[in-house]
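Worksheet for the structure shown next.
The values are calculated or read from the model by the stated rules, or taken from the named source; none is laboratory data. Keep in mind it's a predicted model, so treat the numbers as computed, not measured. All Cβ positions, glycine included, derive from the backbone under ideal geometry; neighbour counts span all protein chains shown. These accessible areas exclude ligands, DNA and RNA; they are computed on the full protein's heavy atoms, side chains included. Shrake-Rupley method; radii C 1.70, N 1.55, O 1.52, S 1.80 Å.
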Amino acid sequence: GVAFHTDAVQAFGHEPIDVKEMGIDMLSASSHKIYGPKGAGLLYIRKGVNVENFIDGGQQERGRRGSTENVPGIVGFARAAELAAADMAGEHDRQLALRDHAIRRILDEIPSAKLNGSWESRLANNVNFSFEFIEGEGMLLQLAARGICVSSGSACTSGSLDPSHVLLAIGLPHEIAHGSLRMTIGRDTTLEDVDFAVDSLKTTLANLRMMSPLYEDFQQGKVESVIERFKADGFPYAN
Ligand SMILES: *Cc1c(COP(=O)(O)O)cnc(C)c1O
């Protein structure tokens, strides 16, 4: 009997969603995450679900959210949704192949790297890794200098220095959550882009680790790798 709301911002336009089949009472999505204009979003509310009004006053949006609607934003969002839906399956599979290529290369070529979350049950455009003996921010800056835009925080708090609360919640210790990196594949991303990003990541990590006193201790056998220990212990999210 509990109302179920899903933050579907990352899934909308990428994965098929059937609100009936999935038992969804409320769903939010955002325009600019699917190449629509900024400043528009949507909240689906199943018939019969009662929510308090968000902004009282005007009668716009059936009284739930008073104030003049952002018509260009809404029209642009609808057009972006049409375009996303038109080739959703094809684009999904194309991005999934690029994602798996990136994950495989990183696991094969970068030591002390851990894929966060399940490999199978993850968004087709999402690559999220933790790397030991470095800080996420250092990686971010060096990759940005090469024109690669990635995030070290969670989806909604990028820009903050705190480790992702999601990674902490799935059981990552602080020091590993700190060295985490999220890369997302978009409509314009090519195989060459992915290879360039992974090559840059390898160089960047090698440089940063060379400067890291912790990595030196690790190489001299003074500290152990938490990620390697996880793998040996069969940690549920070890890959
Ligand atoms: C971007 C994002 C949000 C925030 O949506 P905005 O429209 O950018 O405020 C919320 N949840 C997830 C999962 C997101 O990716």
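Taking only protein heavy atoms and a 1.4 Å probe, what accessible area per residue, in Å², does the chain have with all protein chains in place?
Numbers: 13700 Å² over 239 residues.
Per residue, the chain has 57 Å² of solvent-accessible surface.
Pop out the carbon and sulfur fraction of the accessible area of the chain as a percent, whole number, probe 1.4 Å.
Values: 7620 of 13700 Å².
Summing carbon and sulfur atoms, their accessible area is 56 percent of the total for the chain.
In a shell of Cβ-Cβ distance under 15 Å around ASP87, excluding ASP87 itself, what net charge do Lys and Arg (+1) and Asp and Glu (-1) give?
Details: positive: ARG79, ARG94, ARG187; negative: GLU15, GLU82, GLU91, ASP93, ASP188.
Around ASP87, the surrounding residues sum to -2.
For the residue pair ARG104 and GLN10, what label-to-label distance in nm results when each label sits 7 Å from Cα along the Cα-to-beta-carbon direction?
The answer from the label model is 2.3 nm.
Across all directions of projection, what mean area in square nanometres is found for the Cα convex hull of the stretch 5-86?
On the way: hull surface 22.5 nm².
Projected area, direction-averaged: 5.6 nm².
Hey, can you list the DSSP H helices of the chain whose Cα span along the axis is 27 Å or longer and whose average Kyte-Doolittle score is at least 1.6? It would help to have the intermediate numbers written out before the result.
Values: long enough: 88-109 (31 Å, -0.82); 191-210 (29 Å, 0.19).
TM-like helix candidates: nothing returned.
Work out how much length LYS20 to ILE170 would gain on full extension: take 0.36 nm times their residue separation and subtract the Cα-Cα distance, in nm to one decimal. Let's see the in-between values first.
Details: separation 150, 0.36 × 150 = 54.00 nm, distance 2.84 nm.
Full extension of this stretch gives 51.2 nm more.
Please list, or write none, the lysines whose alpha carbon is within less than 30 Å of the alpha carbon of LYS38, excluding same-chain residues fewer than 8 places away.
LYS20, LYS47
Just to be sure I understand: with springs between alpha-carbon atoms less than 10 Å apart, which residue in GLY36, GLY138, GLY48 has the highest mean-square fluctuation in the Gaussian network model of the chain?
Checking each option, the largest mean-square fluctuation is seen for GLY48.
Can you tell which of ASN125, ASN207, ASN70 shows the greatest fluctuation in a Gaussian network model of the chain with Cα springs below 10 Å?
Sorting by GNM fluctuation, first place goes to ASN70.
In straight Cα distance, which lysines are under 18 Å from LYS202, not counting same-chain residues fewer than 8 positions off?
LYS114
Which of ALA177, ALA124, ALA169 ends up with the largest GNM mean-square fluctuation for the chain, with Cα atoms connected below 10 Å?
ALA169
Run through every distinct alpha carbon pair of the stretch 173-239 and return the Kirkwood hydrodynamic radius in angstroms, one decimal place.
Values: mean 1/r = 0.0696 Å⁻¹.
Taking the inverse mean of 1/r over all distinct Cα pairs, the stretch 173-239 comes out at 14.4 Å.
Report relative contact order for the stretch 68-213 in percent, whole number only (criteria: Cα-Cα under 8 Å, sequence separation at least 6). Could you put the intermediate results ahead of the total?
Numbers: 161 pairs, mean separation 38.5, N = 146.
26 percent.
For the stretch 48-147, report the convex hull volume of the alpha-carbon atoms normalised per residue, in Å³, without decimals. Kindly include the intermediate steps, with their values, before the conclusion.
Values: hull volume 23.2 nm³, N = 100.
Expressed per residue, the convex hull around the Cα atoms of the stretch 48-147 is 232 Å³.
Can you compute the helix-only [θ] at 222 nm over the chain? Use -39500 (n - 2.57) per DSSP H run of at least 4 residues, normalise by all residues, nearest 500 deg cm²/dmol. Can you show the working numbers first?
Details: 8 runs with 93 residues, N = 239.
Result for the chain: -12000 deg cm²/dmol, rounded to the nearest 500.
Taking 0.36 nm per residue of sequence separation and subtracting the Cα-Cα distance, how much length would be gained by fully extending the chain between ARG62 and ALA232, in nm to one decimal?
Numbers: separation 170, 0.36 × 170 = 61.20 nm, distance 5.64 nm.
Extra length from ARG62 to ALA232 when fully extended: 55.6 nm.
Take the Cα pairs of the chain, get the Kirkwood Rh, then feed it into Stokes-Einstein at 20 °C and 1.002 mPa s and tell me D in µm²/s.
Details: Rh = 20.1 Å.
Reported coefficient: 106 µm²/s.
Rounded to whole Å and ordered largest first, report the semi-axes of the equivalent ellipsoid of the stretch 97-198 derived from its Cα gyration tensor (root of 5λ).
Values: eigenvalues 78, 48, 36 Å².
Taking √(5λ) for each Cα gyration eigenvalue gives 20, 16, 13 Å.
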